[in-house]
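Undergrad: The structure under discussion is supplied below as structure tokens; questions concerning it will follow.
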Amino acid sequence: MRAVEFQEYGGPEVLKVVETEIPRPGPGQVSIDVTYTGVNFADLKARAEGYRVPSLPFVPGLEVSGRIREVGAGVEGLTEGQEVAALTAGGAYAEVVATEATTTFPLPKNVDLRTAATLPTVLPTAYALVHTVGRLQPGETVLVQGAAGGIGTVVGQLARAAGAGAVYGVVSSAAKAEFARGYGYDDVFVGEFEAPVRAATSGRGVDLALDPVGGDTLRAALASLATYGRLVSFGNASSAPPWQVGQPDLYPGALSVSGFSILTLARTDPTALRTLTEQAFATAADGTVSLPVTAEFDLAEAAEAHRLMGARTSTGKLLLRVAESR
């Protein structure tokens, strides 16, 4: 089969198409004939920095949609030929991937394979940020970094559906701001946001801030909270050193800080992940949210997908078409 791997860390050019053995599922696993693969910023960090890469060479990719090819020993509730979406630990830039059955999910009704490839990382993460971890209440205000991205567009819709009083986004360009406003945002700020947030909330700040960037952006998000506000960190796109938050940061406003990583949850508590995923997938099946796919690439064009995402000009979700590459 064909796969896309990198044998060294570097820019998009290190991604190479290779011929490799078709993986067989081990106990508790399934193999999937991949139809679509989602492209995530974590894939870029893996390629450039070795993020969650156990060894080289490495096939990146964290989410797929397709049909089950083979079922490993001990797996129940999944059958050959079944259409599924799956969260993987890597290996998704390939025509076939072997992954854990515990992170493989039958498709809800009314969800096709193209849409399904956008779900495994984005939708449960967005749902957790708004509900499970963020605990958004009706009437509360929300601030979302990366509002025009895959997670950002879903968070805007979920927050609006949950009865948020106002939903504010932060993006890097005017074009992204215009795009994000179509997905539940009352206002979208370009670049610096702390002062605009205070102005928009009459000096109060927001109840919930969601940050995938880290570093100085995380600090500014914390400073943008209202009294009793909550900050959820769900990434470190800036690759900044970890920031220690202490009592002097939290006591004055009685603030709370928490974190979320769907990849960590998949490893530490698959049962909790399954519950979260089922709740999240239901919002796509019933039409509460839509996940905008803004660009598709052939499997062999994975480097181009990385260039687009790395340029920070992309919006919505990027996919690799895999089945058509065979």
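Undergrad: Peptides 147-156, 179-188, 70-79, 86-95: what's the order by average Cβ count within 10 Å, highest mean first?
TA: 147-156, 86-95, 179-188, 70-79
Undergrad: With N denoting the number of residues in region 122-263, provide Rg(C-alpha) divided by 2.2 N^0.38 Å, to two decimal places.
TA: In units of the 2.2 N^0.38 Å rule of thumb, it is 0.93.
Undergrad: Here is a follow-up. Could you pull out the GluC sites (Glu not before Pro) across region 174-211 that fall in loop regions by DSSP (anything but H, G, I, E, B) with no more than 11 other Cβ atoms inside 10 Å?
TA: Glu192
Undergrad: For region 290-326 and region 214-236, write down the distance between their C-alpha centroids in whole Å.
TA: About 29 Å separates the Cα centre of region 290-326 from the one of region 214-236.
Undergrad: Moving to a separate point now. Taking the Cα centre of region 122-263 as origin, sum charge times position over the Cβ atoms of Lys and Arg (+1) and Asp and Glu (-1), and report the length of that vector in debye to the nearest 20.
TA: 200 debye
Undergrad: What does the charge add up to near Ala92, with Lys and Arg as +1, Asp and Glu as -1, over the other residues with Cβ less than 9 Å from its Cβ?
TA: Local net charge: -2.
Undergrad: Further, regarding this structure: Using only alpha carbon pairs under 8 Å that are at least six residues apart, calculate the relative contact order of the chain and give it in whole percent.
TA: The normalised contact order for the chain reaches 18 percent.
Undergrad: Treating region 248-326 as a set of equal point scatterers at the Cα positions, no solvent, please give the Debye-formula log₁₀ I(q)/I(0) at q = 0.20, 0.21, 0.23 Å⁻¹.
TA: Cα-only, vacuum Debye calculation for region 248-326: -1.05, -1.05, -1.03.
Undergrad: Please turn the phi angles of region 205-210 into ³J(HN,Hα) values with the Karplus equation 6.51 cos²θ - 1.76 cosθ + 1.60 (θ = phi - 60°), one per residue in order, whole Hz, x for glycine and proline.
TA: Each residue of region 205-210 in turn: x, 9, 7, 9, 10, 10 Hz.
Undergrad: Next up: What relative contact order, as a whole-number percentage, does region 128-218 give when Cα pairs under 8 Å and 6 or more residues apart are counted?
TA: Relative contact order comes out at 31 percent.
Undergrad: Mind listing the long-range amide H neighbours of Glu140? Cut-off is under 5 Å, sequence gap 5 or more, other chains count too, H placed in the peptide plane at 1.01 Å from N.
TA: Excluding prolines and chain starts, which carry no amide H, the hits are Gly165.
Undergrad: Still on this structure, I have one more. Using a 10 Å cut-off on Cβ atoms, rank the peptides 28-34, 18-24, 285-291 from the highest mean neighbour count down.
TA: Peptide ranking by packing, descending: 28-34, 285-291, 18-24.
Undergrad: For the Cα atoms of the chain, what angle does the longest principal axis make with the long axis of helix 150-161, in degrees from 0 to 90, nearest 10?
TA: 60 degrees
Undergrad: May I ask for the distance between the Cα centers of region 1-72 and region 132-168, given as a whole number of Å?
TA: 31 Å
Undergrad: Pull up all non-local amide H partners of Ala85: gap of 5 or more, or a different chain, and H-to-H distance under 5 Å with H placed in the peptide plane.
TA: Phe105, Leu107
Undergrad: Based on the mean of other beta carbon atoms within 10 Å per residue, what is the order of 128-134, 238-244, most packed first?
TA: Per-residue mean Cβ counts within 10 Å order the peptides as 128-134, 238-244.
Undergrad: Considering the chain, what Rg and Dmax in Å follow from its alpha-carbon atoms?
TA: Every Cα atom of the chain included, Rg and Dmax give 19.5, 60 Å.
Undergrad: Which value at 222 nm does the chain reach when only helices count, each DSSP H run of 4 or more adding -39,500 (n - 2.57), with the total divided by all residues and rounded to the nearest 500 deg cm²/dmol?
TA: -7500 deg cm²/dmol
Undergrad: Sticking with this structure for a sec: When DSSP assigns beta bridges and you keep just the ones with both residues in the chain, what percent turn out antiparallel, to the nearest 5?
TA: Taking every DSSP beta bridge with both residues in the chain, the antiparallel ones total about 55 percent.
Undergrad: Using Cα pairs under 8 angstrom and six or more residues apart, how large is the relative contact order of region 1-74, in percent?
TA: 41 percent
Every number in this text was worked out from the coordinates using simple rules, so none of it is lab data. All values reported here derive from a predicted model rather than from experimental measurement. All Cβ positions, glycine included, derive from the backbone under ideal geometry; neighbour counts span all protein chains shown.
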